[in-house]
1. Can you name the residue in segment 218-237 that is touching a His at 6+ places or on another chain (Cβ under 9 Å) and not in a strand (DSSP E or B) and is also modelled with the lowest pLDDT among such residues?
2. In the set 102, 97, which member is loosely packed, with under 13 Cβ neighbours inside 10 Å, free of Cβ contacts under 8 Å to residues at least 60 places away in the same chain and farther than 23 Å from residue 30 by Cα?
3. If you go through segment 238-281, how many residues are assigned to a strand (DSSP E or B) and at positive phi?
4. Just for helices (runs of 4 or more DSSP H) wholly inside segment 1-86: which have at least 2 residues that are aromatic (Phe, Trp, Tyr) and out of contact with any strand residue (DSSP E or B) (no Cβ under 9 Å at 6 or more places or on another chain)?
5. Of the conditions (1) over 20 Å from residue 309 (Cα atoms); (2) of a type outside the set (D, E, K, R); (3) modelled with pLDDT under 85, residue 211 satisfies every one except a single condition; which number is it?
6. Condition test on residue 115, is it surrounded by 14 or more Cβ atoms within 10 Å (Cβ to Cβ), free of Cβ contacts under 8 Å to residues at least 40 places away in the same chain and touching a helix residue (DSSP H, G or I) at 6+ places or on another chain (Cβ under 9 Å)?
7. Check segment 11-31 and report whether any residue there is under 22 Å from residue 117 (Cβ atoms) and in the same structural domain as residue 131 (by TED's automatic domain parsing).
8. May I ask you to verify whether residue 266 is within 18 Å of residue 225 (Cα to Cα), assigned by TED's automatic domain parsing to the domain that holds residue 180 and modelled with pLDDT of 85 or more?
Amino acid sequence: MMANKEVVNLIDESGILAISTRLQRLSEQFRKDGLLLYKAFGIEFEPKWFPVIYTLQFKSPLSILELAAEIGYAHPSTISLLKELEQQKLISSLRDKTDERKRLIILTGKAWELIEQMKPVWDVMVKVLSEITGNENNLLKALNESEEQLRKMGFLERAMVLVAQLKAVKVELGAEPLELEVQLVETAAGLKTSGAILKSVLREMDGDQLFTVSADVQSSHFLATVNDLPAGTCSYHKTKTGNKIEGLAILEQYRGMGVGKALIKAITAAQAGGFYVHSPLALVTWFEKTGFLKKGKQLEEKGGLYYKMVFNA
């Protein structure tokens, strides 16, 4: 695989900062040599196809979303792989009997024949990779542990929380004035930041489903920043009865600074028409102070109690 000669460069010396680069470098080396190994056995197979082929031999048929979740890839990346495999006639699709819009992916006869040819290659790979990673600091074990940490809280979420904490300390010490801004999210990066805040806060609130953002509607998202750092988010979408506010999430270190009120003010000023919210009982008083009035009796939704509250413009 990799040459025995030890080469130390700036990337190697940078330590943990370059872990993504080094993992990518290692992955590319494995993929390159894996491709050559397949060819040595007379097999034309791209290593990037492996997760789909390997998964479908044990779980089939699967919808595209199910397959993406199983291999841990984003939906667009999965679609791209499936297109290549379809061109190679290694997969085909069926229509779901319960939902004609859904495609169910299965392996073709050609794929099953290819799997039988690849099994001896996989045996060789397992032995070689075990030899490479079977050292004192076992790579596979470390990967499993790192992935588990990421499932608990992602890299971006952790970074945002840490930077915000450091920034909050500076504010408390009077190192700089508090600058609160709210803007409509119009970029993919902004949407990702808003999503990370919401995910972090919902985890803290034990997943209060009343404040999740509906996935099947077109929402407008707003992001609040304090001294240019992400602090909170909120969204709204049009319904038959008005504009429903949802997804209100403020990072803990910025609560009590007026971030929530600033978000509500920006949202209600951005769109003509009535606004309403399904407020959990614990936030009814807060929404009343923000200009909302209770309408009707206490209701239940997604396992939680709430009041419908209408914004009193």
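The values are calculated or read from the model by the stated rules, or taken from the named source; none is laboratory data. Predicted model, so just to flag it, every value in this text is computed and none were measured. Counting neighbours? That spans all protein chains shown, and the Cβs are built from the backbone with ideal geometry, glycine included.
1. Within segment 218-237, the match that is modelled with the lowest pLDDT is 218.
2. On the way: 102 fails: loosely packed, with under 13 Cβ neighbours inside 10 Å.
The conditions single out 97.
3. Keep residues of segment 238-281 that are assigned to a strand (DSSP E or B), which gives 238-239, 242-250, 275-280.
With the extra rule that they be at positive phi, the set shrinks to 242, 247.
Final tally of qualifying residues: 2.
4. On the way: elements: 10-13, 19-40, 50-56, 64-71.
Correct list: 19-40, 50-56.
5. Evaluating residue 211 over (1) over 20 Å from residue 309 (Cα atoms); (2) of a type outside the set (D, E, K, R); (3) modelled with pLDDT under 85 leaves (1) as the failure.
6. No: the conditions fail for residue 115.
7. Within segment 11-31, the first condition is being under 22 Å from residue 117 (Cβ atoms), and the residues that meet it are 30-31.
Subsequent filtering for residues that are in the same structural domain as residue 131 (by TED's automatic domain parsing) retains 30-31.
Scanning segment 11-31 turns up at least one residue that is under 22 Å from residue 117 (Cβ atoms) and in the same structural domain as residue 131 (by TED's automatic domain parsing).
8. Numbers: within 18 Å of residue 225 (Cα to Cα): yes; assigned by TED's automatic domain parsing to the domain that holds residue 180: yes; modelled with pLDDT of 85 or more: yes.
So residue 266 passes the test.
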